[in-house]
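Data first, discussion second: the structure below is written as structure tokens.
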Amino acid sequence: ILLDKDGKRKHTRPTFSGQQIFALEKTFEQTKYLAGPERARLAYSLGMTESQVKVWFQNRRTKWRKKHAAEMATAKKKQDSETERLKGASENEEEDDDYNKPLDPNSDDEKITQLLKKHK
């Protein structure tokens, strides 16, 4: 037990073994929330207190939500950029229609120059 400068008990952070973390992670993959009896059984089997298991799951859910939110944001950005790319491609297709039409010998030279520059 550690004491702070005022003589009050100072809480120390528990250090979990690799085996405990592995078991907690495996359980978390199966269920994000533990009911009381499940939490008690897991805590007993890992040699931890119920409150340690409870707090570990709370912290792990927070980490999971942040990661999930970041993945969703990345996916949305990717989808938005793909939508923009497809939108740009459809606009280019419209411009390509002009390119694929036979040139009118009487058309102005500027249009021919633009088409040639675009498709070099």
> How would you order 7-16, 40-49 from highest to lowest mean count of nearby Cβ atoms within 10 Å?
Replying inline: 40-49, 7-16
>> Full-extension gain between Lys32 and Asp4, please, as 0.36 nm times their residue separation minus the C-alpha to C-alpha distance.
In response: 6.6 nm
> Once phi is turned into θ = phi - 60°, what whole-Hz ³J(HN,Hα) does the Karplus curve with 6.51, -1.76 and 1.60 give for every residue of region 31-43, x standing for Gly and Pro?
Replying inline: 8, 7, 10, 10, 6, x, x, 5, 4, 5, 5, 5, 4
>> To make sure I understand the rule: partners must be lysines, Cα under 18 Å from the Cα of Lys66, and not fewer than 8 residues away in the same chain. Which ones qualify?
In response: Lys32, Lys76, Lys77
> Which lysines, on any chain, are close to Lys117 with Cα under 27 Å apart, when same-chain ones fewer than 8 places away are left out?
Replying inline: Lys87, Lys101
>> Based on alpha-carbon centroids, what's the gap between region 18-36 and region 40-59 in Å, whole number please?
In response: 9 Å
> Each residue of region 5-10 in order: what ³J(HN,Hα) in whole Hz does its phi give by Karplus 6.51 cos²θ - 1.76 cosθ + 1.60, θ = phi - 60°, with x for Gly and Pro?
Replying inline: 5, 8, x, 7, 5, 9
> Which order, highest average first, do 32-39, 69-76 follow once you tally other Cβ atoms within 10 Å for each residue and take the mean per peptide?
Replying inline: 32-39, 69-76
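For His68 and Lys118, what is the calculated FRET efficiency with R₀ set at 41 Å and r taken between the beta-carbons, to the nearest 0.05?
0.40
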> Whole-Hz Karplus ³J(HN,Hα) for region 65-70, in order, using 6.51 cos²θ - 1.76 cosθ + 1.60 and θ = phi - 60°, x for Gly and Pro?
Replying inline: 5, 4, 5, 4, 5, 5
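None of the figures in this text is laboratory data; all of them are computed from the coordinates on show. Everything numeric here is computed off the predicted structure, so don't read it as measured data. Glycine gets a Cβ as well: all are built from the backbone with ideal geometry, and neighbour counts include every protein chain shown.
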